[in-house]
Every structure is written in structure tokens, then in C-alpha cells.
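Reviewing the structure listed below.
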Amino acid sequence: MTRDHDVIIVGAGLAGGILAGVLAEGGRRVLLLERGRDLAFADIPGDHLRNHRLALYGDNTTPDPAGHPRVFVDPAGREHTVLPHDARYHLNAFTVGGGERVWGMQAWRFHPDDFRMASRYGVPAGSSLSDWPIGYADLAPFYERAEHEIGVAGDHLGDTHAPRSRDFPLPPVPRSPSADWLARGAASLGWPTFTPPLAVNTRPYQGRGACIQCAQCIGFACPTDAKNGSHNTLLPRALATGRCTLVTRAQAARILTDATGRATGVAYYAPVSPGSATVALHAAHARTVIVSGGAIESARLLLLSASPLFPYGLGNHSGHLGRHVQGHYYPIAYGLLPPGVEPSLLGPGVSVATTRFNHGNPGVIGGAMLADDFVKLPLIFHRQSLPPGTPRWGAGHKRAMRDLFRRGIDLRGPVQEIPSPDSRVTLDPTVRDRFGMPVARLSGTTHPETVRTAEFIRQRAEDWLRASGAERVWSWPAEQKFSAGQHQAGSCRMSADPRDGVTDPFGRVHGHDNLFVCDGSLHVTNGGFNPALTIMALAFRTAAHVLSR
């Protein structure tokens with residue numbers, strides 16, 4: 001494909017689909033490139049050994065995993081070449097829709113203080129903690145737009161951590177008996193609780209059916225299309241305009257630039273024709289290019305796009321490209337429901353949360369929301385949730401699983417990580433992908449303050465279970481590590497001053513008038529909440545800005 005487009009978007013995930021929808025409906029001719037396939041429900045197997053919640057032997061979306069390795073450098077400096085099903089790969093789903101096809105749908109707004117962490121707490125030594133160049137008020141109208149155009153179910157009366165001017169479009173998910181039990185325990189401690197916001201249809205919405213509570217949300221596709229994302233909202237709208245062309249199995253190779261450094265298009269590998277096994281290098285040209293591949297792959301593509309004018313990669317003018325990588329530590333406390341508390345294996349499972357500990361914790365920087373967990377697969381319960389000392393095989397293990405699986409409950413929360421400049425994405429000097437391009441190399445660890453915050457949140461989760469009357473409570477301490485995972489962020493962070501980041505407050509790469517980044521990599525900090533709704537809000541905001549140019 002060599003014909004001109006108005007906009008080329010690299011990545012058809014959560015942000016890419018929103019960008020395509022807004023821009024195509026705004027009259028722009030859009031080329032949307034996606035390295036994965038456009039998978040129907042039946043194409044995403046319900047395999048309990050190969051999915052995005054337990055990728056023990058592979059996952060259920062990644063094409064040709066052997067052709068897309070990464071290099072992971074552990075804290076001891078040892079290098080490991082890893083494939084997508086390895087946790088050290090820090091995988092986001094490679095398919096149209098990205099992680100939203102298999103996500104748990106938590107759709108939180110960030111707290112206003114999440115945008116001003118350095119101002120509130122100071123900058124810990126050795127960290128790269130910084131304020132965002134925008135504030136909550138800048139994103140508030142786009143949070144609202146995302147909630148209504150994507151579809152979010154929530155409790156506006158209980159969820160007061162971030163100001164809002166409009167109710168959620170859908171009522172909250174139903175409370176399980178165990179959630180009511182947890183709510184009473186939190187009340188005894190003086191902690192307010194409410195039903196968390198989820199991007200799921202609790203009633204038919206926008207022509208799609210309601211959730212049937214099948215209990216296989218994380219890691220799997222939704223059988224009723226009730227799990228919402230850009231793949232079933234904005235992207236279909238983009239294609240319906242006739243102005244959006246979606247090309248799947250398209251691996252971006254580099255951003256093309258002219259002699260002045262201006263972005264002119266994208267070179268990418270893709271089949272020579274739909275369905276063909278023969279792959280060739282293509283070039284497409286556009287007036288605007290938007291990179292939306294997730295924090296790891298977006299940074300990698302900008303690094304791969306080095307040129308004589310930009311020898312260290314596009315957007316790497318101040319050395320920030322690929323640095324400050326963050327995800328979310330998830331401290332977990334486990335417990336057993338006492339007799340008389342009715343367990344629930346109906347999905348989604350998450351139905352009670354508190355934001356009591358997101359900020360204002362003495363001696364701790366930031367914090368996290370805490371919530372109950374999604375319904376687990378039995379195999380995940382076996383691998384992660386059995387109490388210490390439980391037999392792991394044989395008749396004793398079988399008896400324990402029969403007794404404990406329905407009584408097991410846990411609380412967890414995404415900790416606001418303190419970014420480190422040494423937690424980073426670079427290009428590996430020797431390992432190549434199937435196209436001969438350098439793969440992403442992941443190295444560094446989180447800042448020690450992140451571990452302190454995680455330990456504080458772990459103790460609060462234990463307190464909550466004990467106050468609720470759990471029969472037994474246990475957990476494991478946090479350790480310093482590289483953290484990205486499905487909540488990866490930070491590698492192309494925005495800044496008002498080009499010396500402090502990669503892009504401006506609208507995601508435009510500093511020094512490149514027509515090159516943008518739009519995904520979690522823009523996040524200066526990643527909040528104490530799941531980041532999906534913030535990614536959506538930024539996509540709506542960036543798209544509106546591009547349309548205004």
C-alpha cells in the first residue's frame with residue numbers, strides 16, 4: 001500500500017481503535033496497522049492452560065510467538081531470551097482490540113493527586129518522579145466521553161475519589177454475598193466501600209447484550225460481547241465510515257522521515273495479499289503518524305526509527321525514550337470465608353472496593369485502591385492461592401481443592417509505582433525477531449519506595465480480611481523487580497519541557513510536528529488504579545487535538 005492517507009495509526013488496541021473512530025468520523029482517511037489478527041470470539045480459545053491470565057504453555061492471541069522474542073535482564077544482570085507466554089516478557093495481547101479483548105474491564109479515573117505526585121510528595125533520591133504537564137481537569141471531559149462512548153457500569157454515589165459531572169451510563173455490577181461480607185468488615189474499620197467501575201454491559205447497551213456472569217473475564221473473550229473496548233465500539237464506527245483501512249498481521253518496521261526529520265509514513269511487514277503466507281516490506285505515507293503499540297513496543301518502534309539526523313531514535317532528544325517504565329505491583333492478601341458466608345462463582349467477581357488508601361498514608365508515597373478479585377480458574381487457585389502448608393499433589397491436594405476453592409477469597413490493589421530512570425526498554429544488540437529487527441530489551445527494577453508502598457497496601461488488605469472475619473489470612477511480601485505487565489506505562493512520557501520527556505501534553509513527539517504517541521507510555525505516573533480509562537481519555541483528547549490542526 002503506497003497511496004496517501006491523512007493519518008497512519010500503528011496499533012489497533014484500546015487507544016488505536018478510539019483514535020481511528022474519532023479521526024475517521026471527523027473526515028480523516030486512516031490507515032490502521034495491527035501486528036496481530038482480527039480474532040472472533042471462536043478464535044480466542046477458552047484454554048485454561050493457554051490464556052492471558054495463565055499463559056503456562058502459551059496464550060490465546062499471540063501470532064507466531066517464536067518469531068517475537070524479547071530479552072529480559074534479571075536483577076542479577078543475567079540475560080534471558082523469552083517468548084510471550086513467559087511472565088518476564090510483560091505481554092499485552094497481540095490482536096485487534098489488544099488487551100481489552102481479554103481484560104478484566106476495571107475502568108477507573110485517576111485521582112487528581114495522581115497527576116501531581118512530585119508536588120505532593122517530593123522526589124525520592126534515585127527516582128524520576130515528576131508531575132504530569134496536565135491535570136485532572138484537563139482529562140475530566142474525556143473521562144466522561146470514554147465512560148459513555150465505550151460503556152462503563154459504576155456507582156457514582158460511592159465512587160467519589162475523582163470529581164464527576166455526570167453519572168455512569170450503566171448501573172453497577174451486582175454485589176456478591178462475599179462482597180457484602182467484605183463491606184461490613186471495612187465499615188467496622190471506618191473504611192468506605194462501593195462497587196468499582198467496570199467497562200461491561202450490566203444491561204443491553206449500544207446494540208450489544210448484557211453480561212451473563214460467565215466468570216471467565218480475564219484471559220478470555222466475552223461470549224455476549226458485553227465486555228467493552230474500542231474493538232466493539234469506536235473501531236466498528238471507523239470502518240463504517242469507509243475512511244478507515246485496517247491491515248492486520250502488519251509489523252511496523254520504522255517511522256519514515258524526510259531530510260528535515262518530518263515523519264512521512266510507516267514501513268511495515270505484512271502479507272502481500274490478505275490470507276497470503278508471503279510477507280513483504282510495504283511503505284505507506286501520511287500527513288500524520290500516531291504510534292499506539294503499548295509502552296514497550298511504542299518505545300521500540302521509535303528506537304528502531306533512528307536516522308542520521310536522529311541517531312538515537314525519534315523522540316530521544318533528551319535521553320528519556322524507553323526510560324521510566326512502570327506497571328503495577330499487585331500486593332495480595334488471601335483468606336478463607338467462614339461458615340455461613342455464601343461464596344459466589346458468578347462473574348465478573350469484582351464487586352467491592354475502597355479508595356481509602358490511594359493517598360494520605362503516613363510515610364508512604366501514593367498508595368492503591370483495594371478490591372476483591374475476579375473469579376479464578378481452578379488451576380490458578382491451585383498455583384497462586386492455596387494456604388501455606390497445603391499439599392500440592394495427591395489425595396491431600398484433591399481434598400484441599402474441594403474444600404478451599406469455593407471458600408477462597410483475596411483482596412488486591414494496583415500500587416502507584418515510583419518511576420526509576422533505570423527501568424527501561426532498549427534495543428537488544430544481538431537478538432532479532434522473525435523480520436531481522438532488534439527486539440525489545442527490558443532491564444532495571446522499580447524504585448525501593450514502590451516496595452514500601454506495596455508492603456503498606458498488603459498489610460491493609462490483611463487488616464480488611466481479618467476485620468471481616470476471615471477464617472485464615474496469609475500473604476507474601478513484595479520484592480524489588482522490573483514491573484510492566486499488562487499495565488505497562490511510562491516509556492514515552494509527556495512533558496511541557498522537551499528536556500523532561502518524549503512528547504508534549506497532547507502526545508506530539510517533541511521536535512516532530514506531525515508524529516504522535518498515544519497509549520500508556522505517555523503516563524508520567526501510572527496511578528493507584530487500573531490505567532485503561534486514562535488511556536481511553538488520552539486517546540479521545542489526542543484525537544480531538546489532531547482534528548483541530
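The numbers here are math on the coordinates, done by the rules we state, and not lab data. Note that the coordinates shown come from a computational prediction; the quantities given were computed from them, not determined experimentally. Cβ sites come from the backbone with ideal geometry, for glycine too, and all protein chains shown count toward neighbours.
Rounded to the nearest 20 debye, the dipole size of the stretch 271-382 about its Cα centre is 380 debye, using +1 on the Cβ of Lys and Arg and -1 on the Cβ of Asp and Glu.
On full extension, the segment bounded by Asp38 and Trp476 gains 153.8 nm, given 0.36 nm per residue less the C-alpha separation. The Cα atoms of the stretch 260-341 give a gyration tensor whose axes a ≥ b ≥ c have a/c of 1.5 or more with a/b no greater than b/c, which makes the shape oblate. Can you tell me what percent of all Cα-Cα pairs in the chain are more than 29 Å apart? Pairs farther apart than 29 Å: 50 percent.
Our coupling estimate for the stretch 146-156, obtained by passing each phi through the Karplus curve with A = 6.51, B = -1.76, C = 1.60 and θ = phi - 60°, is 5, 4, 8, 7, 8, x, 10, 9, x, 10, 6 Hz, Gly and Pro reported as x.
Just add up the charged neighbours of Ala24: K/R +1, D/E -1, any other residue whose Cβ is under 10 Å from the Cβ of Ala24. Local net charge: +2.
Adding -39500 (n - 2.57) for every DSSP H run of four residues or longer, then dividing by how many residues the chain holds, sets the calculated 222 nm ellipticity at -6000 deg cm²/dmol. The ranking of Leu337, Leu346 from fewest to most other beta carbons within 10 Å of each one's beta carbon is Leu346, Leu337. Couplings for the stretch 262-271, taken from phi via the Karplus curve 6.51 cos²θ - 1.76 cosθ + 1.60 with θ = phi - 60°, read 6, 5, 10, x, 9, 9, 8, 8, 7, x Hz in order; Gly and Pro are left as x. One decimal place: the segment Ala210-Thr278 gains 20.4 nm when fully extended, by the rule 0.36 nm per residue minus the C-alpha distance. Taking trypsin sites (Lys or Arg not before Pro) across the stretch 1-94, the ones in a DSSP loop with at most 12 further Cβ atoms lying within 10 angstrom of their Cβ are Arg3, Arg78. Between Ser165 and His397, the modelled labels are 5.7 nm apart [label points 7 Å from Cα along Cα→Cβ]. Ordered from longest to shortest, the equivalent ellipsoid semi-axes for the stretch 137-250 are 31, 19, 12 Å, each the square root of 5 times a Cα gyration tensor eigenvalue.
Where does the charge balance sit around Gly126 when Lys and Arg score +1, Asp and Glu -1, over other residues with C-beta under 10 Å from its C-beta? Net charge around Gly126: -2.
Taking the Cα centre of the stretch 101-192 as reference, the dipole from Cβ charges on Lys and Arg (+1) and Asp and Glu (-1) amounts to some 160 debye.
Cα convex hull, the stretch 199-306: 152 Å³ per residue, rounded to a whole number. In the chain the longest region clear of chymotrypsin sites (Phe, Trp or Tyr not before Pro) that are loop-assigned by DSSP and have at most 15 other C-beta atoms within 10 Å covers 58-311. Across the stretch 394-404, coupling constants 3J(HN,Hα) worked out from phi with the 6.51/-1.76/1.60 Karplus curve, θ = phi - 60°, read x, 4, x, 5, 4, 4, 5, 4, 4, 7, 8 Hz, and Gly and Pro carry x. Counting only Cβ charges, +1 for Lys and Arg and -1 for Asp and Glu, the dipole size of the chain around its Cα centre is about 640 debye. Of the residues Asn526, Ser491, His512, the one whose Cα sits farthest toward the positive end of the charge dipole of the stretch 419-549, with +1 on the Cβ of Lys and Arg and -1 on the Cβ of Asp and Glu, is His512. Each Cα pair under 8 Å and six or more residues apart adds its separation to the average, and for the chain the resulting relative contact order is 23 percent. Amide H contacts under 5 Å for Ile332: Trp476, restricted to partners 5 or more places along the chain or on a different chain, H placed in the peptide plane at 1.01 Å from N.
Taking amide H as placed 1.01 Å from N in the peptide plane, Phe194 has its amide H under 5 Å from the amide H of Ala353, each at least 5 places away in sequence or on another chain. Put the Cα centre of the stretch 187-250 next to the Cα centre of the stretch 307-325 and the gap is 35 Å. With Cα atoms defining each centre, the stretch 260-280 and the stretch 77-123 are spaced 28 Å apart in the structure. Is the shape of the stretch 322-364 best called rounded, prolate or oblate, per the rule: a/c under 1.5 gives rounded, else a/b larger than b/c gives prolate, else oblate, with a ≥ b ≥ c the square roots of the Cα gyration tensor eigenvalues? Cα axes put the stretch 322-364 in the prolate bin. Residue order for Lys227, Lys481, Lys376, fewest other beta carbons within 10 angstrom first, comes to Lys481, Lys376, Lys227. With the charge dipole of the stretch 392-461 set up from +1 on Lys and Arg Cβ and -1 on Asp and Glu Cβ about the Cα centre, the Cα lying farthest toward the positive end among the listed residues Leu404, Pro448, Leu427 is that of Leu404.
Kindly identify the stretch 19-151 as rounded, prolate or oblate by the Cα gyration tensor criterion: order the square roots of the eigenvalues as a ≥ b ≥ c, call it rounded if a/c is under 1.5, otherwise compare a/b with b/c, prolate if a/b is larger, else oblate. Oblate, since a/c reaches 1.5 and b/c is not below a/b.
So if I take the centroid of the Cα atoms in the stretch 454-473 and the same for the stretch 386-408, what is the distance between those two points in Å? Centre-to-centre distance over Cα atoms comes out at 21 Å.
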